[in-house]
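S.K.: First the structure, which I've put down as structure tokens, then a few questions once you've had a look.
The values are calculated or read from the model by the stated rules, or taken from the named source; none is laboratory data. On a predicted model such as this, the values are computed, not experimentally measured, just so you know. Reconstructed Cβ throughout: ideal geometry from the backbone, glycine too, with neighbour counts over all protein chains shown.
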């Protein structure tokens, strides 16, 4: 099978997962490229950031039109993620690859644990009151939008650093941030995170693009696959139960975490 | 933590932002796809260690791919500009100022990366 097809298929899977879980897919793309295709980490990170943008814009187009994303909140927190991504991107030039791989392994482990805990605690939603994420600021604004804002912006800065350094969108931080810290419903948190991560990833991607770290011939099929996957994921997100998907994601991410840790340790991965 | 139930209803006011996101992504991805198809059909050797500006300057299939990738990174900027238009029209001053601030940050990062890349 041509390598371009394999790359596109990898992107497709990452895009679907990303759109369904509010992530950019980078959490899968970076290890797939490094472990599966032997791509150097800087190229993998840069390619992943471009793919995160494709996931975000593709899914956000659907979510914004459907009124699921809180664009106002996304932009407010985006201020934090953009600054964080810029600092993370600058750090990336100084941090050795094995340390980046180790940090990525830690991020994956954290993601697997967080998602697994969310699965265990998962119960039927207890609707209290309907909330409109598109309502303007003011008396009709959803209550979560003004809850713990400084902490949320601080967490967004951290998410941005993670994004710029590791080539992910930061959704693994922003989804729990919006859902658990600010108290937004999960679907709004996922949709808002999907919108935000494109802004975040763009801030980090420019450095890789203009430095020549991204292999165009390698990035193109992955981006095509991710764009298609994100559109599919966003279209079906309201119609499927995500429990099994999250369970599969936890297993995959835990396995990849071990592989990345081995890479960081210099052992055969 | 509250668990308010989300309502989801179509919002016409955001159709501009959604359209920018949708069509910007489509145009960028199509450009990258055409470039890739051209590269595969023509059998041209890949250009490595070249910045996006160098690839575009060189032309050819990798240049077209680079145009697509660069265009994709500009979609969030275009969507923020569209959001600013929506907030300006609705006279939401706070949201407009925050949006313009984030837009400015992204533009600065774009220009800085381009200048640093060109000088490196």
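S.K.: Are any residues in segment A:168-189 on the phi < 0 side of the Ramachandran plot and at the interface with chain B (Cβ under 10 Å from one of its Cβ atoms), and if so, which ones? Even if it seems obvious, please write down each step before you answer.
M.R.: Of the residues in segment A:168-189, the ones on the phi < 0 side of the Ramachandran plot are A:168-169, A:171-182, A:184-189.
A:179, A:180, A:181, A:182, A:184, A:185, A:186, A:187, A:188, A:189 - these are the residues of segment A:168-189 that are on the phi < 0 side of the Ramachandran plot and at the interface with chain B (Cβ under 10 Å from one of its Cβ atoms).
S.K.: Now, a different point. Considering each of A:100, A:64 in turn, give the residue that is closer than 21 Å to residue B:99 by Cβ and buried (at least 17 other Cβ atoms within 10 Å of the Cβ).
M.R.: Values: A:100 fails: closer than 21 Å to residue B:99 by Cβ.
Result: A:64 is the single residue among A:100, A:64 that is closer than 21 Å to residue B:99 by Cβ and buried (at least 17 other Cβ atoms within 10 Å of the Cβ).
S.K.: Shifting gears a bit: As an exercise: evaluate residue A:180 against (1) within 23 Å of residue A:74 (Cα to Cα); (2) surrounded by 17 or more Cβ atoms within 10 Å (Cβ to Cβ); (3) under 18 Å from the mean Cα position of the chain (by Cα) and give the number of the one condition it does not meet.
M.R.: Single failed check for residue A:180: (2).
S.K.: What number of residues within segment A:1-33 are more than 25 Å from residue A:235 (Cβ to Cβ) and either in contact with a strand residue (DSSP E or B) (Cβ under 7 Å, 6 or more places away or on another chain) or surrounded by fewer than 24 Cβ atoms within 10 Å (Cβ to Cβ) (or both)? Can you show your working first?
M.R.: Step one: list which residues in segment A:1-33 are more than 25 Å from residue A:235 (Cβ to Cβ), which gives A:1-3, A:30-31, A:33.
Applying the additional criterion that residues be either in contact with a strand residue (DSSP E or B) (Cβ under 7 Å, 6 or more places away or on another chain) or surrounded by fewer than 24 Cβ atoms within 10 Å (Cβ to Cβ) (or both) yields A:1-3.
Final tally of qualifying residues: 3.
S.K.: Then there's this: Under the condition of being at pLDDT below 80 and out of contact with any helix residue (DSSP H, G or I) (no Cβ under 7 Å at 6 or more places or on another chain), which residue from segment A:248-262 is surrounded by the fewest Cβ atoms within 10 Å (Cβ to Cβ)?
M.R.: Result: A:248.
S.K.: Further question on the same structure: In segment A:192-213, what count of residues is obtained for those that are outside any helix (DSSP H, G or I) and facing chain B (nearest Cβ under 7 Å)? First the steps, then the outcome.
M.R.: Step one: of segment A:192-213, the residues outside any helix (DSSP H, G or I) are A:212-213.
Among the residues that remain, those that are also facing chain B (nearest Cβ under 7 Å) are: A:212.
Residues that pass the stated criteria total 1.
S.K.: Quick check on segment A:143-165. Is at least one of its residues part of a helix (DSSP H, G or I) and touching a strand residue (DSSP E or B) at 6+ places or on another chain (Cβ under 7 Å)?
M.R.: Kept after step one, since they are part of a helix (DSSP H, G or I), are these residues of segment A:143-165: A:143-146, A:149-165.
The next check asks that each one be touching a strand residue (DSSP E or B) at 6+ places or on another chain (Cβ under 7 Å); those that pass are none.
The answer is no; no qualifying residue exists.
S.K.: Scan A:65, A:72 and give me the residue that is out of contact with any strand residue (DSSP E or B) (no Cβ under 8 Å at 6 or more places or on another chain), free of Cβ contacts under 8 Å to residues at least 24 places away in the same chain and within 14 Å of another protein chain (Cβ to nearest Cβ).
M.R.: Values: A:72 fails: free of Cβ contacts under 8 Å to residues at least 24 places away in the same chain.
Matching residue, one of A:65, A:72: A:65.
S.K.: Restricting to segment A:225-259, what's the tally of residues that are under 17 Å from the mean Cα position of the chain (by Cα) and either outside any helix (DSSP H, G or I) or at positive phi (or both)?
M.R.: 2
S.K.: Then there's this: Quick test for you: out of A:28, A:77, pick the one residue that is assigned to a helix (DSSP H, G or I) and under 25 Å from residue A:263 (Cβ atoms). Quick ask: steps written out before the conclusion?
M.R.: Details: A:77 fails: under 25 Å from residue A:263 (Cβ atoms).
None of the others qualify; the one that does is A:28.
S.K.: Right, here's the next one. Among the listed residues B:69, B:55, which satisfies the condition of being free of Cβ contacts under 8 Å to residues at least 24 places away in the same chain, within 9 Å of another protein chain (Cβ to nearest Cβ), buried (at least 23 other Cβ atoms within 10 Å of the Cβ) and within 19 Å of the chain's Cα centre (by Cα)? Even if it seems obvious, please write down each step before you answer.
M.R.: Values: B:69 fails: free of Cβ contacts under 8 Å to residues at least 24 places away in the same chain.
Of B:69, B:55, the one residue that is free of Cβ contacts under 8 Å to residues at least 24 places away in the same chain, within 9 Å of another protein chain (Cβ to nearest Cβ), buried (at least 23 other Cβ atoms within 10 Å of the Cβ) and within 19 Å of the chain's Cα centre (by Cα) is B:55.
S.K.: Look at residue A:46 and say whether it is closer than 19 Å to residue A:156 by Cβ and surrounded by 24 or more Cβ atoms within 10 Å (Cβ to Cβ).
M.R.: Answer is no for this residue.
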